[in-house]
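Some notes on the structure that comes next.
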Amino acid sequence: MQGADKPTTDRRTILKLTGAASVSAGLGSIAGCLGDPNGEDDIEIDTLTITQGEFPDVEDPNDHITGPYFNVYDHVYEPLFDVTPGEEPEPRIVETWEHGDDGTVELTIQEGILFHDGQELTASDIEFTLERQIDPDVPPVSDQVAGLGSIEGAEAIDETTVELSYSGAPQLAEFEFGNYLRAVSQEWYENEAPTTDDGVISGDDASAFNGTGPYQVTEYSPGQNRIVLEPFEDYWGDEPHVAELVFEGETSDSGRVSSLLSDETDFIDNVQPTEVGNVEDDADSRVEEVTSFRNIFLPMKNEVEPFDSEEFRQAMNYAVDNEEIISDILLGSGSPMSQPTPPEVNGYNPDLEPYDHDLERAEELVEEAGFTEDDPAEITLHVPEGRYLNDAEVGERAADQIDQLPNVDCDLETQPFDVISDANSAGPDHEEIPFFLIGWGVITGDADYGMYGFFHDDGGVQSFRDEELQAELEATQVEDDPETREAMLQEVNEMAREKSPWVFLHQQQSIYGLASDIEWSAREDESVFVWEMD
């Protein structure tokens, strides 16, 4: 794709609203004041507060793979492209790009893009950032390699031109570098950035952040789960329309709803189905929801007993009653998984059905794996609380259902999400937490992103090691014909269902609560951008 025109963004230029709402007042007092999107009305929102169930526990933009963290940091750091599910990537800081015949793509970045410290973005910064993401010898040894599986390296040609090399299909490569390559200033990192002994950017104030995005960090209070962003005056694009953007973290589901209904925040995520009516009954609030690309599942690390047995892993799928969980816990807000890839994503196999709930078959398979009522398998399911929709309750019900098997004793432990995330990245032989609940959003719209990270030795979040599955995944990455590749991905999904690397739970419904004055539509990829709000 050569010489693509840079799209005009929909951010608006607006002046400060005198006497506008404070953090506690929210947007309730500015009804009807947002003007038209062409910028004819010079009005600016004074303060907008967004409260999520998870607050970033890392400051390094290349050292996480967590959706709510991206929602914060994507206002500060910019990807090369804007990626919307179901659409072609659109250039952002890239001006033109052209694929070669040798597995390379040459990117030309716009001139005059500045980091928040005043240094100009160069192609060398892109090369440096990619090395941080994919090279295991360059800190932070990033989990983001899970989304860059076909990208092999980068080389700065001149100040504004960088060449990326990749091993997969061009379309797959575009999805990968378009989503994940958020530039860090090499000069700032090497001379000024606060870092740990391991080279990870880490700090407890605003000096730990330096992106090229429309907002810069002015206050950072990790102990209070609060970060404050303000417009970057020298931003290359359209001026932001919010004078102060505040992100907060609140793990309590009811706490987030209370904050919204008391006008302490303007926007919350993961509204529980039982709370939807309370939000809808409030005159100043409303609910926005969409079926997301995020699957919720229970990885089983297959180099740890008893999960090294395919029969045992299949038994766990037969033991869990997804229909009951969706009906009783989620009140219908979800649909059962049949495979690693959600519907509407390239590579989804429509011929696969979810596992039936069959305790008798589950018991038989556990016996085949070598466990009896007198000598049962002893396992513990570890679950987060507040990261996903009713995650702790879903995990508790799943553990109870498994525990009904006479030859399995299943306990439950609730963990902070960072502990779950670390376990997810610890490899298939991690014995401390080999069985846990996690979610994964297939934000690229391609099945590779939902499987490569978990099933490949170089995936970054590998929980399942299988040579046959890995080889089939690798074959899909080098197939150039889109239809052939889609069929191959469907076969990989069928293989994964049979091997049961996870207990397949459900596709998550994303439910948000927001001030009724905000015009915004939920995205399938769960991204939350303030420039998409009117």
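In segment 381-394, the residues that are within 17 Å of residue 331 (Cα to Cα) form Cβ pairs under 6 Å with partners that are assigned to a strand (DSSP E or B) and at pLDDT below 95, at six or more places apart or across chains, as follows: 389/508. Looking at segment 81-105, I want the residues that are among the aromatic types (Phe, Trp, Tyr) and have a partner that is assigned to a loop (DSSP other than H, G, I, E, B) with Cβ atoms under 6 Å, at least 6 apart or on another chain. Which pairs are those? Note: pairs meeting the criteria are 81/89; 81/92. Applying the criterion of being of a type in the set (Phe, Trp, Tyr) and surrounded by 23 or more Cβ atoms within 10 Å (Cβ to Cβ) to the residues of segment 167-194, the residue that is nearest to residue 74 (Cα to Cα) is 180.
In a strand (DSSP E or B) and at pLDDT 95 or above: which single residue out of 378, 353, 363 fits that description?
Values: 353 fails: in a strand (DSSP E or B); 363 fails: in a strand (DSSP E or B).
None of the others qualify; the one that does is 378.
One residue stands out among those in segment 270-327 that are in a strand (DSSP E or B) and small (Gly, Ala, Ser): the one that is farthest from residue 440 (Cα to Cα), which is 285.
Within segment 493-514, being more than 22 Å from the chain's Cα centre (by Cα) and either crowded, with 24+ Cβ neighbours inside 10 Å or at positive phi (or both) holds for one residue alone: 500. Residue count for segment 63-79, restricted to those that are over 17 Å from residue 249 (Cβ atoms) and at pLDDT below 95: 3. Please name all residue pairs, on different chains or six or more residues apart, with Cβ atoms under 6 Å, provided the first residue is in segment 191-205 and is closer than 18 Å to residue 128 by Cβ and the second residue is among the aliphatic types (A, V, I, L, M) and assigned to a loop (DSSP other than H, G, I, E, B). The qualifying pairs are 201/193.
For segment 265-305, a residue qualifies if it is surrounded by fewer than 22 Cβ atoms within 10 Å (Cβ to Cβ) and closer than 16 Å to residue 365 by Cβ, and exactly one does: 305.
Selection over segment 377-416 of residues that are surrounded by fewer than 18 Cβ atoms within 10 Å (Cβ to Cβ) and among the hydroxyl-bearing types (Ser, Thr, Tyr) gives a count of 2.
With respect to (1) more than 19 Å from the chain's Cα centre (by Cα); (2) modelled with pLDDT of 95 or more, the lone exception for residue 429 is condition (2). Note on segment 195-251: residues that are in a loop (DSSP other than H, G, I, E, B) and surrounded by 15 or more Cβ atoms within 10 Å (Cβ to Cβ) amount to 21. Contact annotation: residue pairs with Cβ atoms under 6 Å, 6 or more positions apart or on different chains, pairing a residue in segment 356-371 that is farther than 12 Å from residue 404 by Cβ and surrounded by 15 or more Cβ atoms within 10 Å (Cβ to Cβ) with a partner that is of a type in the set (Gly, Ala, Ser) and modelled with pLDDT of 95 or more, are 365/315; 369/309; 371/377. Across segment 123-133, not a single residue is classified as surrounded by 20 or more Cβ atoms within 10 Å (Cβ to Cβ), closer than 24 Å to residue 388 by Cβ and touching a Gly at 6+ places or on another chain (Cβ under 9 Å).
Residue 250 - would you say it is acidic (Asp, Glu) and either in contact (Cβ under 8 Å) with a residue 24 or more places away in the chain or at positive phi (or both)?
Numbers: acidic (Asp, Glu): yes; either in contact (Cβ under 8 Å) with a residue 24 or more places away in the chain or at positive phi (or both): yes.
The answer is yes for residue 250.
Quick one: residue 187 ticks every box in (1) part of a helix (DSSP H, G or I); (2) free of Cβ contacts under 8 Å to residues at least 60 places away in the same chain; (3) not hydroxyl-bearing (Ser, Thr, Tyr) bar one, so which box is it? Answer for residue 187: the failing condition is (2). Pairing residues of segment 303-331 that are more than 22 Å from residue 407 (Cα to Cα) and outside the structural domain of residue 503 (by the TED database) with residues that are acidic (Asp, Glu) and part of a helix (DSSP H, G or I), at Cβ distances under 6 Å and at least 6 apart in sequence or on separate chains, gives no pairs at all.
Looking at segment 470-483, can you tell me whether even one residue there is crowded, with 23+ Cβ neighbours inside 10 Å and farther than 23 Å from residue 73 by Cβ?
The first filter runs over segment 470-483 and keeps only residues crowded, with 23+ Cβ neighbours inside 10 Å, leaving 473, 476.
The next check asks that each one be farther than 23 Å from residue 73 by Cβ; those that pass are 473, 476.
Yes, segment 470-483 contains a residue that is crowded, with 23+ Cβ neighbours inside 10 Å and farther than 23 Å from residue 73 by Cβ.
Based on what the data block shows, is residue 158 out of contact with any Lys or Arg (no Cβ under 8 Å at 6 or more places or on another chain) and modelled with pLDDT under 95? Taking the combined requirement at face value, the residue does not satisfy it. A Cβ distance below 6 Å, combined with a sequence gap of six or more or placement on separate chains, defines the contacts here; from segment 112-131, residues that are farther than 25 Å from residue 145 by Cβ reach residues that are hydrophobic (A, V, I, L, M, F, W, C) and outside any loop (DSSP other than H, G, I, E, B) in the pairs 117/188; 120/114.
Here is the figure for segment 516-534: residues that are in contact with a Ser or Thr (Cβ under 7 Å, 6 or more places away or on another chain), among the small types (Gly, Ala, Ser) and under 16 Å from residue 86 (Cα atoms) total 1.
Quick check: anything in segment 336-350 touching a His at 6+ places or on another chain (Cβ under 7 Å), in the same structural domain as residue 432 (by the TED database), part of a strand (DSSP E or B) and modelled with pLDDT of 95 or more? Even if it seems obvious, please write down each step before you answer.
Our first condition is that a residue be touching a His at 6+ places or on another chain (Cβ under 7 Å); within segment 336-350, this holds for 336-337.
Next, from what is left, pick out any that are in the same structural domain as residue 432 (by the TED database): 336-337.
Checking the rest, the ones that are also part of a strand (DSSP E or B) come to 336.
Adding the requirement that they be modelled with pLDDT of 95 or more leaves 336.
Scanning segment 336-350, I find at least one residue that is touching a His at 6+ places or on another chain (Cβ under 7 Å), in the same structural domain as residue 432 (by the TED database), part of a strand (DSSP E or B) and modelled with pLDDT of 95 or more, so the answer is yes.
When each of 500, 527, 521, 510 is tested for being in contact (Cβ under 8 Å) with a residue 24 or more places away in the chain and in contact with a Lys or Arg (Cβ under 6 Å, 6 or more places away or on another chain), the lone residue that passes is 500.
The values are calculated or read from the model by the stated rules, or taken from the named source; none is laboratory data. Just so it is clear, the model here is predicted, and its values are computed rather than measured. Methodologically, a virtual Cβ is constructed for each residue, glycine included, from the backbone with ideal geometry; neighbour enumeration extends over all protein chains shown.
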